[in-house]
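To start, the structure itself, in C-alpha cells.
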Amino acid sequence: MKKMLLIAGVMLAFCGLCAAQAKDAPKTIPQILDGGVKAIEGEFIPAAEAMPEDKYSFAPTNGEFKGVRTFAQQVKHVAAVNYMVAAAILEEKPPVELGGENGPDSIKSKAEIVKFAKDSFTYAHKAVTSITSENATGEVKSPFGTNKLTRAGLATMFAWHGFDHYGQMVVYLRMNGIVPPASRQ
C-alpha cells in the first residue's frame, strides 16, 4: 500500500511539473496571432447578436452621418474583409462569394448575417494558425491592391479592422438603448 501511495505521489508530482513547464512555455506565432482573432471575435459576435433583428437596418441620422453603413452592413463588411484577408494569408480563393448576387448584400436576416460573421472568424482562425516562424514574413498578394504584404502583417488586420467597426457598432447599440455585452459586467 505504501508503495502504491509513493508511486501515485511521484506520478502526481511529475504531472504537476509537466503542467508548470507547459504553462511557462513561450507562445508560438500562431497562438499570438490567434489571440488577436479571439479578442475581436469575443467582442464582435456578442455585439452582433445583441442588436434586435428589427434594428439591423439602423444607421444614425442626426449629425454628420450621411451615407454611413447600417448595423447589418457593419457586420457584413467586417466578415467580408475577414474572408479576404484569410484567403490572402492562405493564398487561396475565399470559400464564399464576396461579390455579385450571392455576396454579402444577398444576406438579409440577422441569423444569416451572424452566421456569415461567425464563419468568417472560423476562417480567420484557420489562416492565422497556418502562420509559422518560417512563413510569417513571407509576402503574399494583398487582397486590396497589387502590392504584397506579409502574412503576419495581414493577420494583425483582423483585430484592428474589426475593432474599428466594433466601436461603431457599440455606438449603434447604445443609440438603440442596448448596453453592449462587453459592458454589462
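When A59, A47 are checked against the criterion of being under 13 Å from N176 (Cβ atoms), within 25 Å of the chain's Cα centre (by Cα) and part of a loop (DSSP other than H, G, I, E, B), A59 stands alone in meeting it.
Yes or no: H77 touching a helix residue (DSSP H, G or I) at 6+ places or on another chain (Cβ under 8 Å) and more than 20 Å from D34 (Cα to Cα)?
Numbers: touching a helix residue (DSSP H, G or I) at 6+ places or on another chain (Cβ under 8 Å): yes; more than 20 Å from D34 (Cα to Cα): yes.
Here the answer is yes, as H77 does meet what is asked.
Residues in the stretch 64-91 that are more than 25 Å from L149 (Cβ to Cβ) and among the aromatic types (F, W, Y): F65, F71. Among the residues examined, V68 does not qualify as β-branched (V, I, T), in contact with an Asp or Glu (Cβ under 6 Å, 6 or more places away or on another chain) and on the phi < 0 side of the Ramachandran plot.
Here the stretch 99-158 is the region considered, the condition is being of a type in the set (D, E) and under 21 Å from P52 (Cα atoms), and the residue that is modelled with the lowest pLDDT is D105. Filtered by the rule that a residue be of a type outside the set (K, R), in contact with a strand residue (DSSP E or B) (Cβ under 8 Å, 6 or more places away or on another chain) and in contact (Cβ under 8 Å) with a residue 40 or more places away in the chain, the stretch 139-154 gives V140, S142, L149, L154. Among the numbered conditions (1) surrounded by 13 or more Cβ atoms within 10 Å (Cβ to Cβ); (2) under 20 Å from V37 (Cα atoms); (3) of a type outside the set (G, A, S); (4) in contact with a helix residue (DSSP H, G or I) (Cβ under 8 Å, 6 or more places away or on another chain), the only one that L98 does not meet is (2). Where residues in the stretch 169-180 are buried (at least 16 other Cβ atoms within 10 Å of the Cβ) and of a type outside the set (A, V, I, L, M, F, W, C), which of them is farthest from I131 (Cα to Cα)? Filtering first and then ranking leaves Y172.
In the condition set (1) of a type in the set (S, T, N, Q); (2) within 19 Å of Q168 (Cβ to Cβ); (3) in contact (Cβ under 8 Å) with a residue 60 or more places away in the chain; (4) not in a helix (DSSP H, G or I), S133 is compliant with all but (2).
Quick grid of which residues meet (1) modelled with pLDDT of 95 or more; (2) of a type in the set (A, V, I, L, M, F, W, C); (3) closer than 24 Å to K115 by Cα:
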| residue | (1), (2), (3) |
| --- | --- |
| A25 | no, yes, no |
| V37 | yes, yes, yes |
| I45 | yes, yes, yes |
| K55 | yes, no, yes |
| P60 | no, no, no |
| E64 | no, no, no |
| A72 | yes, yes, yes |
| H77 | yes, no, yes |
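The values are calculated or read from the model by the stated rules, or taken from the named source; none is laboratory data. Here the structure is a predicted model, which is why all the values come from computation and not from measurement. Virtual Cβ from ideal backbone geometry, glycine too; neighbours counted across all protein chains shown.
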